[in-house]
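All remarks here apply to the structure that follows.
The values are calculated or read from the model by the stated rules, or taken from the named source; none is laboratory data. It should be emphasised that the depicted structure is a prediction, and the values quoted were computed from it without experimental measurement. Quick reminder, even Gly has a Cβ in these numbers, built from the backbone with ideal geometry, and neighbours come from all protein chains shown.
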Amino acid sequence: MYKIFDTPHEASQYTARRLLTKVQAKADSALGLATGSTMEPVYANFIQLLKQASVDISRLTTFNLDEYIGLGGEHAQSYRYYMNQHLFHKLNLSGERVNLPDGTAENAKQACQAYSEGIQAAGGLDLQLLGIGSNGHIGFNEPYTCFSSRTHVIELSEQTRLDNGRFFANPNEVPTQAITMGIQDILEAREVILMAIGPKKAGIMAELFHGEVDEALPASALKRHGNVTFVLDREAAALLPGEVLERVVG
Ligand code: F6R
């Protein structure tokens, strides 16, 4: 299902409302979370909605998609730091209820296996939030990642390192590797929301819309999932066919 909004603000409000509805319907929800610029306004809106509705989130569990290898949680570009700043600290979420892959684990392979097992032990993900890379990655599953993959170590593509260079003082500091939840882990989530915002995502969203299911385009795996919502603003949707654009809801 496509939901296309006039503005990024409306798109992020929609996604935040979906998160709220999920948590209201199931207090012990396990949410799969993403980082990146697309998600910042989503979390800001979500926090506001939770507070307005006085929702009890003490039974909520979260699992983030990915983390850079070599960056500890105190590093300002680590995804743990991002989540603390944008969501966890603001909601007093901590401890065992918040999970991110450990980019500093001594035994990364073991940490990866434990991460996927942890998701399963929590009963699976009720809702997985995704952004999309300009190369079609979801999480850090880069092109040609096996669709049956579980949490694993990945070599970041040049495109991703280039795209994410904007967050680092020196773009060469972008780590070369990350740990990411696998595509199979993502596909097992009961519900998925993929968000794409802004003109830089228009090309990949058109490719995804028209293309086949193919490991060259990781997000195409979602076409095999029965409950995905693609949430776009007008700019990210600009190259989609007219009949999809007519369904603008914002
Ligand atoms: C981040 C993640 C990535 C991003 C994607 C888009 O946890 O998993 O797949 O969602 O790179 O990033 P932004 O939103 O910064 O364009």
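What to note about this one:
- If you check Val228, Val249 for being of a type in the set (A, V, I, L, M, F, W, C) and modelled with pLDDT under 95, only one passes: Val249.
- Residues of the range 193-250 satisfying the condition of being over 17 Å from the mean Cα position of the chain (by Cα), among the β-branched types (Val, Ile, Thr) and not in a strand (DSSP E or B): Val213, Val244, Val249
- Filter pass, Val213 being in contact with a helix residue (DSSP H, G or I) (Cβ under 6 Å, 6 or more places away or on another chain) and surrounded by fewer than 15 Cβ atoms within 10 Å (Cβ to Cβ): yes
- Selection of the range 175-190 for residues being in a loop (DSSP other than H, G, I, E, B) and closer than 18 Å to Thr38 by Cβ yields Met181, Ala189.
- Subset of the range 48-96 [within 12 Å of the ligand (Cβ to nearest atom) and among the aliphatic types (A, V, I, L, M)]: Leu65, Met83
- Per the listing Asn164, Asn170, Asn227, the residue uniquely under 23 Å from Ser12 (Cβ atoms) and without any contact (Cβ under 8 Å) to a residue 24 or more places away in the chain is Asn164.
- Some residue of the range 83-95 being closer than 27 Å to Gln24 by Cα, among the charged types (D, E, K, R) and touching a residue at least 24 places away in the same chain (Cβ under 8 Å): yes
- Which numbered condition Asp102 misses (of (1) modelled with pLDDT under 95; (2) surrounded by 18 or more Cβ atoms within 10 Å (Cβ to Cβ); (3) of a type in the set (D, E, K, R); (4) more than 30 Å from Glu235 (Cα to Cα)): (1)
- Checking every residue in the range 156-173 against the condition of being within 21 Å of Arg224 (Cα to Cα), crowded, with 17+ Cβ neighbours inside 10 Å and touching an Asp or Glu at 6+ places or on another chain (Cβ under 9 Å) gives zero matches.
- Candidate set from the range 105-125 (those that are under 15 Å from Thr62 (Cβ atoms) and surrounded by fewer than 20 Cβ atoms within 10 Å (Cβ to Cβ)); member that is nearest to the chain's Cα centre (by Cα): Gly124
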